[in-house]
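Novice: One structure, pasted below without further comment.
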Amino acid sequence: MSRPLIADIDLDALRRNYCLARDQAPHSRAMAVVKADAYGHGAVACADALRDLAPAFAVACLEEALTLREAGITQPIVLLEGFFDAAELPLIDAHRLWTAVHSDWQIDALLAYRPRQPIPTWLKLDSGMHRLGFAPEAFEARWQRLAAATEHVTDLHLMTHFATADALDAAYFRRQMACIASLRQRLEAPVCLANSPATLAWPEAHGDWNRPGVMLYGSDPLEGANDASRALEPVMTLRSEIIAVRELAEGEAVGYGGRWRASRPSRIGVVAGGYGDGYDRHARDGTPVLVEGQRVPLAGKVSMDMLTVDLTELPEAGIGSPVVLWGEGLPIDEVARHCDTISYTLMTGVLPRVPRRYRNAETG
Ligand SMILES: *Cc1c(COP(=O)(O)O)cnc(C)c1O
C-alpha cells in the first residue's frame, strides 16, 4: 500500500478536447498550448498523445521546447514569449523552433544572428492586453523590418492576445478586434489571435492559427458557458481515499485554528491530500469533495498533507472510500470558485510528489 493520492490523467479526454477546439474553428489550425508542463498534466505525455492531431505546440520558453524535442516531438514549437537572451538563438535555429518577438532588442538580436534557415517569427501586437508586444502605431515599422530580412525571418505572422475573451461583456474584446482588423488588412498579415475562450466563443477571432490552452485540459474558461464549452471533458482527476474517520460531539472543532465547528454530532473523514500536494489552502468550508461519488463539504482548514470533510450525511463512507478532489464528477472550475481562484492555478499547482497516472496513452 502506498499513499492513495494520484493525478489520474485521461489522454483520450485530452484528444477529444483538442478535436473540439479544432472543430470549433474549421478554417484555423490549432496549436496545442502545453506550457507549464501542460498545465500540470505532463508536457511530454500530453504532446505525445496529441502528436498525430496537433500540427504544432506552444510553450513559454526554450527549456520547455527542448524537453519536447528530447522526447521526440518533431512538430513546430512556438515560444510564446520568444527568447529571453540572444544566446538562445542558436538552439532555436538548431531545433527549428518558431519564435514570438515582442521587443526591439529581440528584433535587433534576430537580425544580428545568421540562422542556418530563416526562423518562423510571430510579431506580437499589443492590441489591449498591455503586457507584451508593440503598440498599434509602432507595429507596422517592425513588421516591414522583419519582412525585409528574408535571410533571418520567414513565415511572419501577427500575433496578439485577448484580455477579456472569457467575459460576457464584449466591449473590450471588440476594441481589441478593431485594433487588429486594420493592421491585419493593411499588412495582409496571417494572424494568430485566439486563446481558449476566443476559440470557444468568438468565431471572428479565429485566425490562421489558434492557441487553445486550458480548454484542452477540460476547464471551461467562459464566464457564460456555451454548448461547446459544456462538452469539454476533464483530463485530470485528482483521486485519493479516506484514511481515517473521527466521531465528534456537537461543538468540537476540526483542524488548524478550529475553523470548522460541529453544529451537531458529526463524522469527519480525513483525506490524503493537502496544500503540499497543490490542493489550495484557500478552499473554504463547504468546498465540494466527492466521496463514494457523493458531494460532501470540506470541513476545516486544509493541512499540508491532509484535508477533512464532513461525512455526517454519508454514513456508508469509511476508511478506504474513494475520493475525488476535482475532475470526473466534480468540475475543477467549481472547486476553483470555492478557493477564490481559477482552474489554471489549481492545475499548474499540482506538485511533483503527486504521481501522475496516465490512461489511454495509445491512440484509440
Ligand atoms: C497561455 C497562453 C495561451 C493559452 O491560453 P488559454 O487561456 O489557456 O487558452 C494563448 N496565448 C498565449 C500568448 C498564452 O500565453
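Novice: Once you have a ≥ b ≥ c as the square roots of the Cα gyration tensor eigenvalues for the chain, tell me rounded if a/c is under 1.5, and otherwise prolate or oblate according to whether a/b is larger than b/c. Display every interim value, and only then the final one.
Specialist: Numbers: a/c = 2.50, a/b = 2.10, b/c = 1.19.
Because a/c hits 1.5 or more and a/b exceeds b/c, the chain counts as prolate.
Novice: Moving on. Which of the trypsin sites (Lys or Arg not before Pro) across the stretch 248-354 are loop residues per DSSP, with 16 or fewer other Cβ within 10 Å? Before the final figure, lay out the partial values.
Specialist: Working: sites: 259, 261, 267, 281, 284, 295, 301, 337, 353; in loops: 259, 281, 284, 301, 353.
For trypsin sites (Lys or Arg not before Pro) across the stretch 248-354 that sit outside H, G, I, E and B with at most 16 neighbouring Cβ atoms in 10 Å, the list reads 259, 281, 284, 353.
Novice: Continuing with the same structure: Set the Förster radius R0 to 56 Å, insert the Cβ-Cβ distance between residue 138 and residue 261 as r into 1/(1 + (r/R0)^6), and round the FRET efficiency to 0.05. Please report the intermediate quantities before stating the final value.
Specialist: Values: r = 59 Å, r/R0 = 1.05.
According to the calculation, E is roughly 0.40.
Novice: For a test of the definition: using alpha carbon positions, the gyration tensor, and the 1.5 limit on a/c, classify the stretch 146-247 as rounded, prolate or oblate. Numbers along the way, then the final one.
Specialist: Values: a/c = 3.60, a/b = 2.06, b/c = 1.75.
Prolate is the answer for the stretch 146-247, as a/c is 1.5 or above and a/b outweighs b/c.
Novice: Please state the relative contact order of the stretch 225-278 as a whole percent: Cα pairs under 8 Å, 6+ residues apart?
Specialist: 35 percent
Novice: Can you give the extra length, in nm with one decimal, that the chain gains between residue 233 and residue 145 once fully stretched, where that is 0.36 nm per residue apart less the Cα-Cα distance?
Specialist: Working: separation 88, 0.36 × 88 = 31.68 nm, distance 4.38 nm.
Value of the extension gain: 27.3 nm.
Novice: Then there is this: By how many nm would the segment from residue 182 to residue 208 grow when fully extended, if each residue of separation counts as 0.36 nm and the alpha-carbon distance is taken off? Working shown, then result.
Specialist: Values: separation 26, 0.36 × 26 = 9.36 nm, distance 1.65 nm.
Extending this stretch completely gives an extra 7.7 nm.
Novice: Could you sort 231-241, 13-23, 127-137 so that the peptide with the highest average Cβ count within 10 Å comes first and the rest follow in order?
Specialist: Values: 231-241: 22.7, 13-23: 20.5, 127-137: 16.5.
Order by mean packing, descending: 231-241, 13-23, 127-137.
Novice: Something else about it: Quick one: net charge around residue 257, please, counting Lys, Arg +1 and Asp, Glu -1 for every other residue with C-beta under 13 Å from its C-beta. List each step's numbers first, then the result.
Specialist: On the way: positive: 259, 261, 281, 301; negative: 285.
That sum, taken over residues with Cβ under 13 Å, equals +3.
Novice: For the stretch 19-177, what class follows from the C-alpha gyration tensor (a ≥ b ≥ c being the square roots of its eigenvalues): rounded when a/c is under 1.5, otherwise prolate if a/b is larger than b/c, else oblate?
Specialist: On the way: a/c = 1.79, a/b = 1.02, b/c = 1.76.
Oblate, since a/c reaches 1.5 and b/c is not below a/b.
Novice: Let me ask something else. In whole angstrom, how far apart do the alpha carbon centroids of the stretch 203-248 and the stretch 300-325 sit?
Specialist: Centre-to-centre distance over Cα atoms comes out at 23 Å.
Novice: Relative to the present Cα-Cα distance, how much length would full extension add between residue 75 and residue 19 at 0.36 nm per residue of separation? It would help to have the intermediate numbers written out before the result.
Specialist: On the way: separation 56, 0.36 × 56 = 20.16 nm, distance 1.73 nm.
Residue separation times 0.36 nm, minus the Cα-Cα distance, leaves 18.4 nm.
Novice: Can you work out the base-10 log of I(q)/I(0) for the stretch 4-84 at q = 0.15, 0.23, 0.25 1/Å, using the Debye formula on its C-alpha atoms alone?
Specialist: Summing over Cα pairs of the stretch 4-84 leads to -0.52, -1.10, -1.24.
Novice: Follow-up question, since we're still on this one. At a threshold of 8 angstrom on Cα-Cα distance, excluding pairs fewer than six apart, so keeping six or more, what relative contact order does the chain reach in percent? Don't skip to the answer; put the middle values down first.
Specialist: Values: 810 pairs, mean separation 67.8, N = 364.
Answer for the chain is 19 percent.
Novice: In addition: Relative contact order, percent, of the stretch 270-364 when contacts are C-alpha pairs under 8 Å separated by at least 6 residues? List each step's numbers first, then the result.
Specialist: Working: 154 pairs, mean separation 28.9, N = 95.
About 30 percent, as a whole number.
Read-outs: derived from the displayed coordinates by stated rules, not from any lab. Everything quoted here is computed from the prediction, not taken from an experiment. Cβ coordinates were reconstructed from backbone atoms using ideal geometry, including for glycine residues, and neighbour counts include every protein chain displayed.
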